[in-house]
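Presented below is the structure to which this report refers.
The values are calculated or read from the model by the stated rules, or taken from the named source; none is laboratory data. Note that the structure is predicted; figures quoted are calculated from it, not measured. Counting neighbours? That spans all protein chains shown, and the Cβs are built from the backbone with ideal geometry, glycine included. We work out accessible area using only protein heavy atoms, side chains counted, and drop any ligands, DNA or RNA first. Shrake-Rupley method; radii C 1.70, N 1.55, O 1.52, S 1.80 Å.
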Amino acid sequence: MKKIYLDYNATTPVHPEVLDAMLPYFKDFYGNPSSVHSFGQETRKAVEDAREKIAKFLGAENPSEIVFTSCGTESNNFAIKGTAFANKDKNCRIITSTIEHHSVIEPCEYLSKKFGVDVTYLPVDKYGIVNPDDVKKSITEKTVLISIMYANNEVGTIQPIEEIAKIAKEKSITFHTDAVQVVGKIPFNVKKTGIDLLSLSGHKFYAPKGSGVLYVRKGTKLHPLFHGGSHEKNRRAGTENVPYIVGLAKALEIAHRDMDKESKRILALRQKLEKGILEKIKYTQINGHPEKRIYNTSNISFNYIEGEGILMSLDLEGFAASTGSACTSGTLEPSHVLSAMGVPPEKAQGSVRFSLGHYTTEKDIDKLLEILPKIVERLRSMSPLWEDRIKSIKNAK
Ligand code: PLP
């Protein structure tokens, strides 16, 4: 049975060209980049070349604004705790949203419980969009950080980042965005957009798991989280992970090289998937914004059944998809993102996220559209909610 992967927002396979670029740095070039000898100089050059390349693709003014981290979670923790610690004498406040990834929400909760930091969680509309006016209204003279994600991992909705960045800039407040689901998918420019801190994660765009970056605009106040060395200009102690850094830069280069072609191809496949599902399966809805949405992401509610049941049945047929984010699927709580968007719990429970990527083909979508209606029909035939629905239709006649 051919296995079909439709969970690219959870992670991606390493691109073969990325692996080729990384391999020499495991075996042939292994010096510590902090060493002064030639072994160290070789790997230092590789790290600095990668930094330069990444700065260029993000639109950073200077390569020194790129700080290498181990993942998106670390970058988010660094941005949030680092800003709060750098402003600790201010009795500070943070503004974020209710639909952020847990790696933003939990550091905020931690700061609030441990250090009494005041955190405002802004609501979203039914599409998952934060209203910039709400951001403006929530600002006080104690606000030191606004952290709003670029695009949501569960539903794909893209936020009005430029508007929010402008509001932050007018008030001289640091603006952070979790761009983990955007980098490598859509072009943007940190400088023009007015972003001060930006998190990205390599494994979401065909670099290995365990590679990440925090972009830190020059002059942004940030306290380090790791101590024990002067690496990354005293911002993140620890010997640099040279092969992964090389891989991340290569993956970003490939993503930008192929972005135009890939985005059009994947969008066409997603449109086919959504049209097919809505036509073939009754009582289904798409969650997320119709247009302001990353082109690879489709979150669909299948009424009267559980998303987990659909996933298990799909898995038996060789398909991988997801409910909510990979980190929280496995819990029976409805997604905090769908709840914040006002999706009723029974519809949120029946939602599945399909996220398409580089290896998704039209045949994969055709196969899904052949199998999924049968799965939904079978699960509904066993569902008490569906039975109630049929009875109420009969009674109404
Ligand atoms: N932020 C978002 C929006 C994500 O989707 C993820 C991962 O799913 C993360 C942060 C965490 O990234 P990492 O897995 O690299 O820690």
Requested in this report: Tell me, please, whether a residue that is in the same structural domain as D196 (by TED's automatic domain parsing), aromatic (F, W, Y) and closer than 23 Å to V337 by Cβ can be found in the stretch 50-67.
Outcome: no
Report summary line: Counting only residues in the stretch 277-314 that are under 20 Å from D364 (Cα atoms) and free of Cβ contacts under 8 Å to residues at least 12 places away in the same chain, the one least open to solvent (accessible area, probe 1.4 Å) is identified as L278
**Report entry** Pairs, first open to solvent by less than 90 Å² (accessible area, probe 1.4 Å) in the stretch 384-395, second in a helix (DSSP H, G or I) and basic (K, R), C-beta under 7 Å, six or more apart
**Finding:** W386/R380
Report task. Please specify each residue of the stretch 336-370 satisfying the condition of being assigned to a loop (DSSP other than H, G, I, E, B), open to solvent by less than 20 Å² (accessible area, probe 1.4 Å) and hydroxyl-bearing (S, T, Y). Result -> T360
Query raised in the report: Of I173, I161, which residue is more than 14 Å from the chain's Cα centre (by Cα) and either within 16 Å of the ligand (Cβ to nearest atom) or small (G, A, S) (or both)?
Result: I161
Report task. Tally the residues that are under 15 Å from P334 (Cβ atoms) and either among the aromatic types (F, W, Y) or not assigned by TED's automatic domain parsing to the domain that holds W386 (or both), restricting the search to the stretch 279-303. Result -> 1
Query - Residue list for the stretch 183-218, filter: surrounded by 24 or more Cβ atoms within 10 Å (Cβ to Cβ) and within 9 Å of the ligand (Cβ to nearest atom) - result: S199, L200, S201, G202, K204, S211, G212
**Report entry** Cβ-Cβ under 9 Å pairs, at least 6 apart or on other chains, the stretch 101-125 side over 12 Å from N76 (Cβ atoms), far side of a type in the set (G, A, S) and within 16 Å of the ligand (Cβ to nearest atom)
**Finding:** Y121/S97; Y121/A340; L122/S97; P123/S97; P123/A340; V124/S97; V124/A340
Report summary line: Apart from one, (1) surrounded by 14 or more Cβ atoms within 10 Å (Cβ to Cβ); (2) more than 18 Å from G40 (Cβ to Cβ) all hold for H227; the odd one out is (1)
Report summary line: Of V14, V47, V18, the only residue that is modelled with pLDDT of 95 or more, more than 18 Å from the chain's Cα centre (by Cα), under 16 Å from Y244 (Cβ atoms) and within 16 Å of the ligand (Cβ to nearest atom) is V18
Query - Matching option when the condition is among the hydrophobic types (A, V, I, L, M, F, W, C) and under 20 Å from V14 (Cα atoms), among V343, V246 - result: V246
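Residues checked against (1) away from the ligand (no atom under 16 Å from the Cβ); (2) of a type in the set (G, A, S); (3) assigned to a loop (DSSP other than H, G, I, E, B):
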site	(1), (2), (3)
K264	yes, no, no
K282	yes, no, yes
N299	no, no, no
I310	yes, no, no
